1. About the Cα centre of the chain, what is the dipole size in debye to 20, counting +1 per Lys and Arg Cβ and -1 per Asp and Glu Cβ, all else neutral?
2. Determine which residues of the range 62-76 fall in the zone a paramagnetic label at Arg34 would reach in this model, i.e. backbone nitrogen under 20 Å from the point 7 Å along Cα→Cβ.
3. In whole angstrom, note down how far apart the Cα centers of the range 170-189 and the range 133-168 are.
4. For the chain, modelled as a Gaussian network with Cα springs under 10 Å, which listed residue fluctuates most, Lys124, Lys299, Lys103?
5. Return the distance in nm (one decimal) between the two label points of a simple spin-label model at Thr158 and Val122, each offset 7 Å from Cα along Cα→Cβ.
6. How do Ile318, Ile177, Ile27 line up, fewest other C-beta atoms within 10 Å first?
7. For the range 308-315, in order, what is each residue's ³J(HN,Hα) by Karplus, 6.51 cos²θ - 1.76 cosθ + 1.60 with θ = phi - 60°, in whole Hz (x at glycine and Pro)?
8. Identify, among Gly133, Leu74, Phe146, the residue whose Cα sits farthest towards the positive end of the charge dipole of the chain, taking +1 on the Cβ of Lys and Arg and -1 on the Cβ of Asp and Glu, with the dipole about the Cα centre.
Amino acid sequence: MFELKILTDLSAMPKRVETNIDEVEPIIKSAIARVDGLIVTDKKEDILAADADAAKLTKMAKAIQRFRIDHIALWKEPMEAFETKCKDAEKRLNEAADTLRTKTSEVKDMWRAKKRELCAGVWKAKLAEAFAGQDDVIACEGAKAFFDLWTNPKTKGTWVNLSVDIRAVEEAMDAEIVRMKAMLGTVAANYGNADDEVKMKARKSCLASFDMNAVVAEVNAWVKEREEMERAKAALAAKREAQAAEAAKKAANPAPAAPAPVTPPPPPPPAADAPAGETDASATERVETYNLAVTGTRKALIALRQYGIGLGITFKNIDK
């Protein structure tokens, strides 16, 4: 490493810059006060005098500005040169570092990939040993999520770093397996009295996250949905049963057939030609009697009777 030093004696540089501008301040105030109390009329002499005073004030301001710029430059120029040299060195060093990081980037990616494969083999072996015969645990989403969390550079991903020793990785894996076993035991105990479907749902939910709060929320939602489906099935079955009973009742007691439409009887045959000497009026007044046997429904016979009465026909019941 190197050590940078300031060779200039900075202690000789004054902490405060003194000037006699305070002695000039009364002159400045006097000139400004004269402007505040000056009344400019439309006389030529007043206008020229005001312009002359303005020019004097501007000249005074420029003199102070020039004095300030000249003396600041004496301090500013060497500091700017010092700053430029430092910034140039910083830039060149950072550019060289970026170039080197670009060259090692691909190599680091290869290293991380190999380290991830190594960790994957260790994790798989530990799961197989800890959960022998429990294939659903060995291949569960919760175990995959835990491994991805610690090997994916986009998340925590510290297991694949060069600085992380494989022994530290194994310790973290062992701790997670202990947690997984404890969580499975807690779920089994909490849902020990539930039916088989609920037990299976709770275990499946646990294997997805190994988060007890998530398990409880998911199982409760699933149970509620199942109950609603059962109620809907029961309601549908009751409705179908009622429809079947109604259909059977109608089949046992069929409704009476609708009466046949009543056809009005044909008009009576025209009367025979009256004998000579009889008028047309006497022919229309002739009354004839017929004994007819009419068969039909009561409703139809009543309609026939009413129609006949409207034509002037008299009906009489004849006892057999």
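1. 700
2. Answer for this model: 62-65.
3. 14
4. It is Lys299.
5. Once both label points are built, they end up 1.4 nm from each other.
6. Ordered from fewest to most neighbouring Cβ atoms within 10 Å, Ile318, Ile177, Ile27 come out as Ile318, Ile27, Ile177.
7. Karplus-based 3J(HN,Hα) across the range 308-315 equals x, 4, x, 8, x, 8, 9, 10 Hz.
8. The residue sitting farthest along the positive end of the dipole is Gly133.
Every read-out reported here was derived from the displayed coordinates using simple, explicitly stated rules and does not represent laboratory data. Note that the structure is predicted; figures quoted are calculated from it, not measured. Cβ atoms come from the backbone with ideal geometry, glycine included; neighbour counts cover every protein chain shown.
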